[in-house]
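Let me begin by presenting the structure, written as structure tokens, before commenting on it.
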Amino acid sequence: MPPLLTLTPREHDLGGGFHVRRALPAAARRAVGPFVFFDHFGPAEERPGELHDVRPHPHIGLATVTYLYEGAIHHRDSIGSDQVIEPGAVNWMSAGRGIVHSERRPDHLQQTVYCNHGLQLWAALPESDEESAPSFTHVAAADIPALEIGGARVRVLIGEAYGVRSPVPAAAGTVFLDIQLDAGATLDLPALAEELAVYPVDGRVEVDGTAVDAATMAVIDGAATVAAAAPVRLAVIGGRALGAHRYLWWNFVSTRKERIAQAARDWAADAMGQVPGDIEERIPLPDRPLPG
């Protein structure tokens, strides 16, 4: 059996102690299944007056997945979605041919101290769906299927596992699980997808006997056994391997570099739409070369 491939995220401090760890894309691995981007943010204390809001910005060719362990985020977008994201819910925003959205502190928490902690992932859309109409799906925490397997509690956020299926409308074969292991628990993880990875959020696990530290992504080949000496939470992601090469530039994903260039021109011309109720500011294009 080949050595386990592990990816150590690059960590960024966005100010005020708000840390983001980016596991994908990495030099050693650009994607796991359709997932081309994996950010782990927090835990971070949010205090009145601190601004970690994400101003309106565009996407094409991908779906964003936001999942919170703690806190709240107010999502609004250019197709009229207006949703406060809360722990345990799944929010799937398919950009398709183009969408603009913002992520801000909810109004009811403006004067409150609270903790934000969660994951945001991008899944490259199938090539046939890159120019589809944008959409937004919110699935409440109570509607996410969950089950217990020995000392493991498994929530099937996206896809199918252990005989249950998520209602999130992701591409066939895509998997995203939230798993909590008790101290001393062992979980047999089937070969749920063509490509699969395990990410311990807050503690160490062993994957087929190899230690994997917290906030480290382990790419696995087929089925695996995950064991925990102490209580731990972990994410499992995966899906079918990407076929055509994906260009990733700023917030844009596409099989065609000319499509990314067009999206950049559209955003510069303010031609990708606006977020109702959030039109005073937006994130400008970055000053870096487009895909050559």
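The values are calculated or read from the model by the stated rules, or taken from the named source; none is laboratory data. Nothing here was measured: the structure is a model prediction, and the numbers come from that model. In this analysis, Cβ positions are derived from the backbone assuming ideal geometry, glycine residues included, and neighbour counts consider all displayed protein chains. Keep in mind that these areas ignore ligands, DNA and RNA; they rest on the heavy atoms of the full protein, side chains included. Shrake-Rupley method; radii C 1.70, N 1.55, O 1.52, S 1.80 Å.
Odds and ends about this structure:
- Principal-axis tilt of helix 257-268 within the chain, Cα atoms, nearest 10 degrees: 50 degrees
- Surface per residue (accessible, 1.4 Å probe) for the range 1-111, Å²: 40 Å²
- Computed from the Cβ-Cβ distance with R0 of 25 Å, the FRET efficiency linking Arg240 to Asp143 stands at 0.50.
- Each peptide in 38-45, 135-142 gets a packing score, the mean of other Cβ atoms within 10 Å over its residues, and the list from highest to lowest is 38-45, 135-142.
- Shape of the range 15-132, Cα gyration tensor, a/c cut at 1.5: oblate
- Computed extension length for Asp213-Ala229: 4.6 nm, one decimal, from 0.36 nm per residue of separation with the Cα-Cα distance subtracted.
- Structure-derived mean projected area of the Cα convex hull in nm²: which label, when the choices are (i) 13.4; (ii) 14.2; (iii) 15.0: (iii)
- The mean sequence distance of close C-alpha pairs (under 8 Å, at least 6 residues apart), as a share of the length of the chain, puts its relative contact order at 20 percent.
- Taking a point 7 Å out from the Cα of His117 in the direction of its Cβ, the residues of the range 33-53 whose backbone N falls within less than 14 Å of it are 40-46.
- The range 64-134: relative contact order in percent, alpha carbon pairs under 8 Å with at least 6 residues between: 44 percent
- Most mobile of Gly163, Gly273, Gly184 in a GNM of the chain (Cα contacts under 10 Å): Gly163
- Protection proxy ranking, peptides 228-236, 277-285, 174-182, average beta carbon neighbours within 10 Å, highest first: 174-182, 228-236, 277-285
- Contact order normalised by residue count of the range 162-292, Cα under 8 Å, 6+ apart, percent: 24 percent
- Each label point was placed 7 Å from the Cα along the Cα-to-Cβ direction; for Glu131 and Glu194 their separation is 2.4 nm.
- Per-residue ellipticity at 222 nm computed for the chain from its helices equals -1500 deg cm²/dmol, with DSSP H segments shorter than 4 residues left out and the rest contributing -39,500 (n - 2.57).
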